[in-house]
1. For segment B:246-315, what's the relative contact order in percent, using C-alpha pairs closer than 8 Å and at least 6 residues apart?
2. When a/c is below 1.5 the answer is rounded, else prolate if a/b is larger than b/c, else oblate, so apply that to segment B:86-150 with a ≥ b ≥ c taken from the square roots of the Cα gyration tensor eigenvalues.
3. Using label points projected 7 Å from each Cα along Cα→Cβ, tell me how many nm separate B:Lys110 and B:Leu144, to one decimal.
4. Suppose each label sits 7 Å from its Cα in the direction of the beta carbon; what would the B:Met476-B:Lys252 distance come out to in nanometres?
5. Calculate the FRET efficiency for A:Asn69 and A:Asp19 from the Cβ-Cβ distance with a Förster distance of 35 Å, rounded to the nearest 0.05.
6. For peptide B:357-364, how many partner chain Cβ atoms fall within 10 Å of a residue's Cβ, on average?
7. Please list B:150-161, A:40-51 highest first by mean number of surrounding beta-carbon atoms within 10 Å per residue.
8. With labels modelled as points extended 7 Å from the Cα through the Cβ direction, what inter-label distance (nm, one decimal) is found for B:Lys444 paired with B:Asp48?
Amino acid sequence: MDKDTVIKIADLAKIEINDKKIEEISSSLQKILNLVNEMNTINTDDVEPMSHPLNLKQELRKDEVLEKNERDLFQRNNKYIEDGYYKVPKIID
Amino acid sequence: MEDKTLIELKTKIQNKEISSYELTKFFLNRIKKIDPKLNAFITVTENDSLKKAKKIDSEIAKGNINPLSGIPIAQKDIFCTKGIRTTCGSKMLEDFISPYDATVVEKLDKAGMIIIGKTNMDEFAMGSSNETSYFGDVKNPWNLNCVPGGSSGGSAASVAARLIPCSTGTDTGGSIRQPASLTGICGIKPTYGRVSRYGMIAFASSLDQAGIFTRTAKDCAILLSHISGYDVKDSTSSKKEVPDYYKECTKKFEKMKIGIPEEFLDGLDSKVAEVFTESINIFKSNGCEIKKISLKNSKLGVSAYQVVAPAECSSNLSRFDGVRYGFRANDVKDIDELYKKSRSQGFGDEVKRRILIGTYALSTGYYDAYYLKAQKIRTIISKEFQNAFKEVDVIIGPTAPDCAFKLGEKLNDPIAMYLSDIFTVSTNLAGLPAISIPMGFKNKLPLGLQIIGNHFDESKILSLSNHYQNLTDWHMQKPDMLGET
């Protein structure tokens, strides 16, 4: 994995990477990819992918409100609240 | 008192030989005295625990008694606990007070148990040594220079050191079984869907499962019945009826056919192989038939796991944006910088590494080569297990390739760290239940025996574990680091 890819991926993942560490990170990610590439030692052309170990179906229910809105309780974990809103830096100029 | 099992403590409370207050105070004192050496707890809830114990004592006096009334338990700090700080071992959630309880927490509360504290863990459960925790390393009670395993390192170390009779854990690729093995206790990872994941901070949702640490299989069985069952709040939880695992595992032992995958023995450490062979011989001479089997693709488990787990982690952890809860960085000029700085300063190196790998595996053009390929390998591994279970009742092997390693030994070598889960990851990929129980020692450090069952065959693996514990006393050994014995 080259440096440019690391920079692109980090941007997608919203993670800031220190320039000095890029080399170290790209080398450790490459080692993981080498391990992952062992998957290619087996042919999987006719194999169905497995997304759930028990192949259960997603349960559906009626779209009804079951819980009350507890905004104030949930917002207690945040110091940047004003009138029930989350304050963030200016988004639109 | 610290050597009493959960069952013995239950009897003592119910016979009013000891009050819940006395019991809770006893373990709190033990934590105060011993935990500074281990760092197994991130939060100890002394006041709340004693208050609750008093309340339970007064209920007991009125004759209102629940199955596990008044017995303390430690919760892994990945389970949301209402009003108690829930950090997940991360700076990101250092100050997070959960507004609700996880289903596992709620169920144990209903059974009458008392939370004594929240245990240390690898950050967001990502690690096999408990060294990625923002709150410091946990030490192995058998040797303070060694790791206790991870990610549920604090939960395992606290039970091994008798700071608490039982604790909860979670297992995504071995995070209950590997630390149980390295600290010489029992740890069970149930079938995927057996226990609700609601309120358990998500790492890799298709692999994560909650479980239990105790010192005996019987104690494990009791707690497992209490935490299992369908939960409307977790659409992946199973509606299958929950057996009385204690009753199931203590009834007359019926002969079992035990499979041993030859791949698990290839290149195995000679001392681990020797100890494992002794266990096989115990089963052989006590009513079990041993059969060699092959799980030839299980070795691909680690590579498939290193795609599925990071991919799901990168998606799950995208919720930590610094806006609604969790760590927020200061001095940012725009929203993009707020996200980036909060995540970069709030997450540790291993978590960031997995997010990057996961983001890469899911990015445009790579999905088929990585995530889809890994899901296909899951199918292959799962089918291999299903074929094996046509011939045998359970599968056994060593839980980990070796005993506990030294602190710092593998921290800068992610690949070596990932390979310590080589025997445990494939059961998560296939969603199978598995337990680790103590089977001997190497260099005075415990070794674990893993017993894997078919889906929802928890009764079988618990029954075989109990049978083994009736024939051996490895589970009775305790660490001598505290100068108590």
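1. 42 percent
2. oblate
3. So the two model labels end up 4.3 nm from each other.
4. The modelled label-to-label distance comes out at 2.6 nm.
5. Numbers: r = 45 Å, r/R0 = 1.28.
It comes to 0.20.
6. Partner Cβ neighbours, averaged per residue: 5.
7. The densest-packed peptide leads the list: B:150-161, A:40-51.
8. 3.8 nm
Since every read-out is calculated from the coordinates, none of them should be taken as a lab result. Quick caveat, the model's predicted, so the values are computed rather than measured. No Cβ is skipped: glycine too gets one built from the backbone with ideal geometry, and neighbour counts run over all protein chains shown.
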